1. Can you tell which of A:4, A:13 is surrounded by 15 or more Cβ atoms within 10 Å (Cβ to Cβ), under 16 Å from residue A:79 (Cα atoms) and either at pLDDT 90 or above or more than 10 Å from the chain's Cα centre (by Cα) (or both)?
2. Just give me the residues in the stretch B:99-112 being touching a helix residue (DSSP H, G or I) at 6+ places or on another chain (Cβ under 8 Å) and either closer than 22 Å to residue A:44 by Cβ or in a loop (DSSP other than H, G, I, E, B) (or both), in sequence order.
3. Could you count how many residues in the stretch B:99-109 are surrounded by 17 or more Cβ atoms within 10 Å (Cβ to Cβ) and either more than 9 Å from chain A (Cβ to nearest Cβ) or within 19 Å of residue A:35 (Cβ to Cβ) (or both)?
4. Has the stretch B:66-82 got any residue that is in a strand (DSSP E or B), at pLDDT 95 or above and under 25 Å from residue A:5 (Cβ atoms)?
5. Kindly establish whether residue A:40 is within 13 Å of chain B (Cβ to nearest Cβ) and loosely packed, with under 14 Cβ neighbours inside 10 Å.
6. Collect the residues in the stretch A:74-103 that are surrounded by 20 or more Cβ atoms within 10 Å (Cβ to Cβ), facing chain B (nearest Cβ under 10 Å) and outside any strand (DSSP E or B), keeping them in residue-number order.
7. Restricting to the stretch B:87-98, name every residue that is surrounded by fewer than 17 Cβ atoms within 10 Å (Cβ to Cβ) and either more than 8 Å from chain A (Cβ to nearest Cβ) or touching a helix residue (DSSP H, G or I) at 6+ places or on another chain (Cβ under 9 Å) (or both).
């Protein structure tokens, strides 16, 4: 089983749609959580951190359920520019160091 | 303020050769992590350097080694290249511990013939 699992998609939605991505993680030592966005042939860029209480940044809302080891990202009012791959990322603390574990990503295609 | 810079941007090697990739972290960052990203996959953690020491490693063979210099820049070395080593190699830097996000460079695209 992968440490971080995501639905690969692609999710093909019209402009203005609301779309939700889910992610599950297996390591209970996971301490912090992020969503990154990656455009085709580009580097990943931080979209938002995910907090236990849930957090919102404009049209984007992230939720974390530690008991279920589940993370979600909701995008409202989709724009063409939202088309990208969304990577769920979990930070695992081990001893005095840490490492980021990435999911395989979920592709989003927003059509006119 | 320069972000994370990596060199070279593209590289073509043949099986059995050795390669060195370079990374300069974002100004003020002291931790460098390296990732391998195969086509259609998420980045896979190779290792992390802090205070010139490797302090965490992913599931990669000993052919993958690295180094961090006093100025926090880092190198990734891969020996005895295999066809399967063809990938995008990403460097990310950070400061302040695990809850701080990592900033990625543009990557080095390595092709093995």
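The values are calculated or read from the model by the stated rules, or taken from the named source; none is laboratory data. Quantities reported herein were computed from a predicted structural model and do not represent experimental measurements. Quick reminder, even Gly has a Cβ in these numbers, built from the backbone with ideal geometry, and neighbours come from all protein chains shown.
1. On the way: A:4 fails: under 16 Å from residue A:79 (Cα atoms).
Of A:4, A:13, the one residue that is surrounded by 15 or more Cβ atoms within 10 Å (Cβ to Cβ), under 16 Å from residue A:79 (Cα atoms) and either at pLDDT 90 or above or more than 10 Å from the chain's Cα centre (by Cα) (or both) is A:13.
2. Taking the stretch B:99-112 as the starting set, the residues that turn out to be touching a helix residue (DSSP H, G or I) at 6+ places or on another chain (Cβ under 8 Å) are B:110, B:112.
Listed by number, the list holds a single entry, B:110.
3. Within the stretch B:99-109, the first condition is being surrounded by 17 or more Cβ atoms within 10 Å (Cβ to Cβ), and the residues that meet it are B:101-108.
Then drop every residue that is not either more than 9 Å from chain A (Cβ to nearest Cβ) or within 19 Å of residue A:35 (Cβ to Cβ) (or both), which leaves B:101-104, B:108.
Counting residues in the stretch B:99-109 that are surrounded by 17 or more Cβ atoms within 10 Å (Cβ to Cβ) and either more than 9 Å from chain A (Cβ to nearest Cβ) or within 19 Å of residue A:35 (Cβ to Cβ) (or both) gives 5.
4. Kept after step one, since they are in a strand (DSSP E or B), are these residues of the stretch B:66-82: B:66-68, B:74-78.
Pick out the ones that are also at pLDDT 95 or above and you get B:66-68, B:74-78.
Narrowing further to those that are under 25 Å from residue A:5 (Cβ atoms): none.
Within the stretch B:66-82, none of the residues are in a strand (DSSP E or B), at pLDDT 95 or above and under 25 Å from residue A:5 (Cβ atoms).
5. Numbers: within 13 Å of chain B (Cβ to nearest Cβ): yes; loosely packed, with under 14 Cβ neighbours inside 10 Å: yes.
In short, yes.
6. A:103
7. Those that are surrounded by fewer than 17 Cβ atoms within 10 Å (Cβ to Cβ) and either more than 8 Å from chain A (Cβ to nearest Cβ) or touching a helix residue (DSSP H, G or I) at 6+ places or on another chain (Cβ under 9 Å) (or both): B:95, B:96.
Residue-wise test of (1) more than 12 Å from the chain's Cα centre (by Cα); (2) under 21 Å from residue B:82 (Cβ atoms); (3) not in a loop (DSSP other than H, G, I, E, B).
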position: B:23; (1), (2), (3): no, no, yes
position: B:26; (1), (2), (3): yes, no, no
position: B:35; (1), (2), (3): no, yes, yes
position: B:40; (1), (2), (3): yes, yes, no
position: B:46; (1), (2), (3): no, yes, yes
position: B:61; (1), (2), (3): yes, yes, no
